[in-house]
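Contents: one structure, followed by commentary.
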Amino acid sequence: MKIRPLYDRIIVKRIEQERTTASGIVIPDSAAEKPEQGEVLAVGSGKVHSDGSVRALELQVGDRVLFGKYAGQTVKVDGEELLVMREDDVFAVLTRAEDSLKKAA
């Protein structure tokens, strides 16, 4: 099933982080916190202003983002847990150093 968010909403899939500490201790699922990073799977058409104009979203499909612990609404689509949130709930877009160097060149 395809999902298309409306307006300034985005669909995010949480990215699971490592469950082993630096010293090799494995953290069980019950003690692990929900990850605060995710990958954008779909974006809406944009934010509608009071004058009727639409501002396109800054985020794109495939962006890796950082968001708050309690951001968004959890939904299940085809057995997969996804988050629906507004673009405003995203704190930052994460990039790798190599990606930044390629854009600068």
* To do: Run down Asp51, Asp63, Asp29 and say which single residue is among the acidic types (Asp, Glu), modelled with pLDDT of 85 or more and surrounded by fewer than 15 Cβ atoms within 10 Å (Cβ to Cβ).
  => Asp51
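Would you say Leu82 is loosely packed, with under 15 Cβ neighbours inside 10 Å, in contact with a strand residue (DSSP E or B) (Cβ under 9 Å, 6 or more places away or on another chain) and modelled with pLDDT of 90 or more?
Working: loosely packed, with under 15 Cβ neighbours inside 10 Å: no; in contact with a strand residue (DSSP E or B) (Cβ under 9 Å, 6 or more places away or on another chain): yes; modelled with pLDDT of 90 or more: yes.
No, not satisfied.
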* In region 86-102, is there at least one residue being at pLDDT 85 or above, part of a loop (DSSP other than H, G, I, E, B), acidic (Asp, Glu) and surrounded by 11 or more Cβ atoms within 10 Å (Cβ to Cβ)? -> no
* Asked: In region 38-48, which residues are open to solvent by less than 80 Å² (accessible area, probe 1.4 Å) and under 12 Å from Leu6 (Cα atoms)?
  -> Ala42, Val43, Gly44, Gly46, Lys47, Val48
* Members of region 66-79 that are part of a loop (DSSP other than H, G, I, E, B) and either of a type in the set (Lys, Arg) or surrounded by 18 or more Cβ atoms within 10 Å (Cβ to Cβ) (or both) -> Lys69, Ala71, Gly72
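The values are calculated or read from the model by the stated rules, or taken from the named source; none is laboratory data. Keep in mind that this is a model prediction, so the values were computed, not measured. No Cβ is skipped: glycine too gets one built from the backbone with ideal geometry, and neighbour counts run over all protein chains shown. To get the accessible areas, we keep the full protein, side chains included, count just its heavy atoms, and leave off ligands, DNA and RNA. Shrake-Rupley method; radii C 1.70, N 1.55, O 1.52, S 1.80 Å.
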